[in-house]
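**Q** Sending over a structure as structure tokens; questions will come in a sec.
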Amino acid sequence: MSKVPYEVYTEDVEALSVLSPEGKIVNKDLLPDLNDDQLKEIMYRMVFTRSWDDRAVNLGRQGRLGFYAPVSGQEATMVGSEFALQKEDFVCPGYRDIPQLVWHGLPLYQAFLYSRGHQHGGQIPDGVNVLMPQIIIGAQILHAMGIAMAYKLKKQKQVVIAYTGDGGSSEGDFYEGLNYAGVYKLPVIFFVQNNGYAITTPFAKQTAALSIAHKAVAAGIKGVKVDGMDVLAVIKAVQDAAERGRNGEGATLIEAVTYRFRPHSMSDDTSKYRTKDEEGIWSEKDPIARLAKYLAEKGLWTDEDTERVREEAKAKVNEEIKKAEKTEKMTVSGLIDSMFEQTPQHLEEQKADFE
Amino acid sequence: MAQMNMKEAIRDALRVELKNDPNVILFGEDVGHVGGVFRATEGLQAEFGEDRVFDTPLAESAIGGLAVGLGIQGFRPIAEIQFVGFIFEALDQMVVQAARMRFRSGGKYNSPIVFRTPFGGGVKAAELHTDSLEGLLAQTPGIKVVIPSNPYDAKGLMIASIRDNDPVFFMEHLNLYHAFRAEVPEEAYTVELGKANVVREGSDVTIIAYGMMVHTATKAADQLAEEGIKAEIIDLRTVSPIDIDTIVASIQKTNRAIVVQEAQKSAGVAAEVIAQINEKAILHLEAPVLRVAGPDTVYPFAQIEDSWLPSPKRVIDAVKKVVQF
């Protein structure tokens, strides 16, 4: 490898981009290999996810959901990154990454149960390779690294994806995970959705690095920056990273630059920390509108399709929230019994106080 | 039967389980090539290969997270934290992630992990290498805390810990690694977790201790015997959960008790033992149950370590107080 004198990586990188905000292909060579049905499925999932988010926000206001972190604006990063993986690959989510869990196989009512604070939300069905949403920002990055090591030791050609955000990239666990993945050459993808704000703290106050992708350099893994409002670019980046992982070429850090159209959570007020102008600029980059234009031009999608999916999503959400609401309530005895494989005597005795 | 010190007995337990179960995997800082800073894992990498016994980069939280990730994929990780003073860096992975895994997944995932760490004072180590943090861990729901006091127990408790399907924090007292040798069977055997052991029978007072303090209590009991006071000594072996039945049975006989711990006095294992005695045996007591413990200070620099640690004399004084009450 050739060497440059003294200074390391002082240049910013351009984000990988395939589809322009006008829905035009700007980089034909990087277009992922997707057939028409796949393109329609991606569109379907993004529209479905947006409608479910609309509905979930209302359910949250009505007190029918507990903690809920809105996802609108991030459909390309969420739907696209999951779509680029195989069913047997493993997903380690942060708390906002519920769509990836659901599109990877977690029943929607269980996602609602998690939000409502019910244990059954985390009882992942067999054959669905996901962890429960992680609250400790960064902890899942280390779990992903451990699962990836298990795949490597078992010589299974599966990859693991860990999601975090721009805030998460400041955590110690983030650096520890990247470093381990580099040392052990693990089949793992660290996918950072840089949506510009860690709750209220802007990206400029999060790091002095030129980009989050640059942080891969220190860990000796591959780093990629991608337009996170461009679902085709996201899919391309994740497909490449997954292929590298499967081929034993190690870990990739992907920074996807995106924006959450809504607040951090239901108890957050965006007007305190960002401007309407800024929100307007980002809404013009809407990942759904962008793909819709591209697909309309190809004759694959119409406004009626969007409307149909929205209705379908509404009906599905109503059905699943009702199922969540009908699920039998948890008990303290049940909690006690799920602490250990065999409940020790002192806990058995404490159970008596709750029966 | 082989004669082993506690370090050799622990290594033997690790070797036996690495051999018995291909899912057992061992890692930590410096544990692979050289076999750990105390050589407790010496020779294991050579015997089982680098996939099963390996060195990690210097990052404790990642050691914990690696264990959690491997654990949900069916491995049985044995993760070493080089010194107890370094566990704080890994606490989230231990007491939040590993300990909550079974509950938050409704039993779908579990954490069959052994976190090993040397602990305890009296070896003139560098600052922040030695302390007794078992109380902190014992307060954590979902994790067991095991502390052996001798080679036989160390091997049996370690094998039981490795085979346990929930996280176990296994604490190895630095002063016991090379303290003495004892007979240790060569085959695999377990010592049940959560069961205390009456290591010395007596009728006048019960001394409840664990780890190094079992030996401090024994020295005290020898001197007390010369004065006609017969002390019964209970070695807890597991400090979470506590085997209260064995303690109550003893107090029913002696009607007097003290608890000896090397850790700082307040809100620790001794306090919990006394609270449980209060709940289950108060009417059998003829005197308050006293604690012999370190003072509620940070762990001292090496120069005053020996005066800080509980001594046989302090144990004798406490016993006399409860006997003469």
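The values are calculated or read from the model by the stated rules, or taken from the named source; none is laboratory data. As the structure is a prediction and not an experimental result, all values here were calculated from the model. Cβ sites come from the backbone with ideal geometry, for glycine too, and all protein chains shown count toward neighbours.
**Q** Being over 23 Å from the mean Cα position of the chain (by Cα) and not hydrophobic (A, V, I, L, M, F, W, C) is the filter here; which residues of segment B:267-312 pass it?
**A** Answer for segment B:267-312, where residues must be over 23 Å from the mean Cα position of the chain (by Cα) and not hydrophobic (A, V, I, L, M, F, W, C): B:ASN278, B:GLU279, B:LYS280, B:HIS284, B:GLU286, B:PRO288, B:GLN303.
**Q** Being farther than 24 Å from A:GLN342 by Cβ and surrounded by fewer than 19 Cβ atoms within 10 Å (Cβ to Cβ) narrows it down to one residue among B:GLU183, B:GLU172, B:GLU192; which is it?
**A** That would be B:GLU183, the only listed residue that is farther than 24 Å from A:GLN342 by Cβ and surrounded by fewer than 19 Cβ atoms within 10 Å (Cβ to Cβ).
**Q** Before we move on, is B:ILE63 away from chain A (no Cβ under 11 Å) and either of a type in the set (Val, Ile, Thr) or under 22 Å from A:ALA148 (Cβ atoms) (or both)?
**A** no
**Q** Okay, next question. Only residues that are of a type in the set (Val, Ile, Thr), farther than 21 Å from A:ASP89 by Cβ and more than 14 Å from chain B (Cβ to nearest Cβ): list them for segment A:165-205, please.
**A** Once the filter is applied, which keeps residues that are of a type in the set (Val, Ile, Thr), farther than 21 Å from A:ASP89 by Cβ and more than 14 Å from chain B (Cβ to nearest Cβ), segment A:165-205 yields A:ILE199, A:THR200, A:THR201.
**Q** On to the next question. Of the conditions (1) of a type outside the set (Asp, Glu); (2) touching a Gly at 6+ places or on another chain (Cβ under 6 Å); (3) more than 26 Å from A:ALA233 (Cβ to Cβ); (4) part of a helix (DSSP H, G or I), A:ILE141 fails just one. Which one is it?
**A** All conditions pass for A:ILE141, except number (3).
**Q** Give the number of residues within segment A:136-164 that are more than 23 Å from A:ASN247 (Cα to Cα) and more than 9 Å from every other protein chain (Cβ to nearest Cβ).
**A** Qualifying residue count for the region: 2.
**Q** Okay, next question. Where in segment A:281-351 are there helices (runs of 4 or more DSSP H), lying wholly inside it, with at least 1 residues that are closer than 18 Å to A:GLY121 by Cα and touching a residue at least 40 places away in the same chain (Cβ under 8 Å)?
**A** A:303-326, A:332-337
**Q** Can you name every residue in segment B:1-29 that is closer than 18 Å to B:PHE170 by Cα, in a loop (DSSP other than H, G, I, E, B) and free of Cβ contacts under 8 Å to residues at least 60 places away in the same chain? Steps first, please.
**A** Let us first name the residues in segment B:1-29 that are closer than 18 Å to B:PHE170 by Cα, namely B:5-18, B:24-29.
Going one step further and asking which of them are in a loop (DSSP other than H, G, I, E, B), we end up with B:5, B:29.
Of everything in segment B:1-29, just one residue is closer than 18 Å to B:PHE170 by Cα, in a loop (DSSP other than H, G, I, E, B) and free of Cβ contacts under 8 Å to residues at least 60 places away in the same chain, namely B:GLU29.
**Q** Looking only at helices (runs of 4 or more DSSP H) that fall completely inside segment A:66-117, which ones have 3 or more residues that are modelled with pLDDT of 95 or more and within 18 Å of A:PHE190 (Cα to Cα)?
**A** It comes to A:75-83, A:98-103.
**Q** While we're here: Take the conditions of a type in the set (Val, Ile, Thr) and assigned to a helix (DSSP H, G or I) and apply them to A:VAL234. Does it pass? Even if it seems obvious, please write down each step before you answer.
**A** On the way: of a type in the set (Val, Ile, Thr): yes; assigned to a helix (DSSP H, G or I): yes.
For A:VAL234, the condition - of a type in the set (Val, Ile, Thr) and assigned to a helix (DSSP H, G or I) - is met.
**Q** Which members of segment A:257-293 meet the condition of being farther than 20 Å from A:ASN58 by Cα, of a type in the set (Gly, Ala, Ser) and surrounded by fewer than 19 Cβ atoms within 10 Å (Cβ to Cβ)?
**A** A:GLY280, A:SER283, A:ALA289
**Q** Here is a further query. Is it fair to say B:PRO141 is within 11 Å of the chain's Cα centre (by Cα) and not assigned by the TED database to the domain that holds B:ARG256?
**A** Values: within 11 Å of the chain's Cα centre (by Cα): no; not assigned by the TED database to the domain that holds B:ARG256: yes.
In short, no.
**Q** Are any of the residues in segment A:250-260 hydroxyl-bearing (Ser, Thr, Tyr) and under 22 Å from A:MET149 (Cα atoms)?
**A** The answer is yes; a qualifying residue exists.
**Q** Working only within segment A:217-241, note down all residues that are small (Gly, Ala, Ser) and surrounded by 24 or more Cβ atoms within 10 Å (Cβ to Cβ).
**A** Those that are small (Gly, Ala, Ser) and surrounded by 24 or more Cβ atoms within 10 Å (Cβ to Cβ): A:GLY228, A:ALA233, A:ALA237, A:ALA241.
Here is a yes/no grid of residues against (1) within 14 Å of another protein chain (Cβ to nearest Cβ); (2) within 22 Å of B:ILE72 (Cα to Cα):
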| residue | (1), (2) |
| --- | --- |
| B:SER161 | yes, yes |
| B:TYR189 | no, no |
| B:GLY194 | yes, no |
| B:MET212 | no, no |
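**Q** Whether any residue in segment A:120-134 is buried (at least 24 other Cβ atoms within 10 Å of the Cβ) and either acidic (Asp, Glu) or touching a Pro at 6+ places or on another chain (Cβ under 6 Å) (or both) is what I want to check.
**A** Yes: one or more hits.
**Q** Taking segment B:236-248, which residues are among the acidic types (Asp, Glu) and part of a helix (DSSP H, G or I)?
**A** Within segment B:236-248, just B:ASP245 meets the criteria.
**Q** Name the residues in segment B:68-105 that are more than 7 Å from chain A (Cβ to nearest Cβ), under 20 Å from the mean Cα position of the chain (by Cα), part of a helix (DSSP H, G or I) and crowded, with 21+ Cβ neighbours inside 10 Å, would you?
**A** The answer is B:VAL84, B:ILE87, B:ALA90, B:MET94, B:VAL95, B:ALA98, B:ALA99.
**Q** Return the only residue of B:HIS173, B:HIS178 being assigned by the TED database to the domain that holds B:THR130 and touching a helix residue (DSSP H, G or I) at 6+ places or on another chain (Cβ under 6 Å).
**A** Values: B:HIS178 fails: touching a helix residue (DSSP H, G or I) at 6+ places or on another chain (Cβ under 6 Å).
B:HIS173 is the lone residue from the list that is assigned by the TED database to the domain that holds B:THR130 and touching a helix residue (DSSP H, G or I) at 6+ places or on another chain (Cβ under 6 Å).
**Q** If you don't mind, another one. Quick check on my filter: what residues within segment B:106-156 are touching a strand residue (DSSP E or B) at 6+ places or on another chain (Cβ under 7 Å), more than 14 Å from chain A (Cβ to nearest Cβ) and among the small types (Gly, Ala, Ser)?
**A** Matches in segment B:106-156: B:GLY120, B:GLY121, B:SER132, B:GLY135, B:SER149.
**Q** Moving to a separate point now. Taking the options B:SER149, B:SER161, name whichever one is under 11 Å from the mean Cα position of the chain (by Cα), of a type in the set (S, T, N, Q) and surrounded by 24 or more Cβ atoms within 10 Å (Cβ to Cβ).
**A** B:SER149
**Q** Please specify each residue of segment A:259-273 satisfying the condition of being under 17 Å from A:GLN74 (Cα atoms) and not in a helix (DSSP H, G or I).
**A** A:TYR259, A:ARG260, A:PHE261, A:ARG262, A:PRO263, A:HIS264, A:SER265, A:MET266
**Q** Looking at A:VAL188, A:VAL217, which is the one that is of a type outside the set (S, T, N, Q) and within 19 Å of A:ALA139 (Cβ to Cβ)?
**A** Of the residues listed, the single one that is of a type outside the set (S, T, N, Q) and within 19 Å of A:ALA139 (Cβ to Cβ) is A:VAL188.
**Q** Mind checking which residues of segment B:249-295 are touching a Phe, Trp or Tyr at 6+ places or on another chain (Cβ under 8 Å), outside any strand (DSSP E or B) and surrounded by 18 or more Cβ atoms within 10 Å (Cβ to Cβ)?
**A** Hits for segment B:249-295 are B:ARG256, B:VAL269.
**Q** Tally the residues that are more than 22 Å from A:ASN194 (Cα to Cα), at the interface with another protein chain (Cβ under 7 Å from one of its Cβ atoms) and assigned to a loop (DSSP other than H, G, I, E, B), restricting the search to segment A:122-135.
**A** Within segment A:122-135, residues that are more than 22 Å from A:ASN194 (Cα to Cα), at the interface with another protein chain (Cβ under 7 Å from one of its Cβ atoms) and assigned to a loop (DSSP other than H, G, I, E, B) number 2.
**Q** Consider B:ALA46 carefully, then state whether it is closer than 22 Å to A:ASN129 by Cβ and more than 9 Å from chain A (Cβ to nearest Cβ).
**A** When the stated conditions are applied, B:ALA46 does not pass them.
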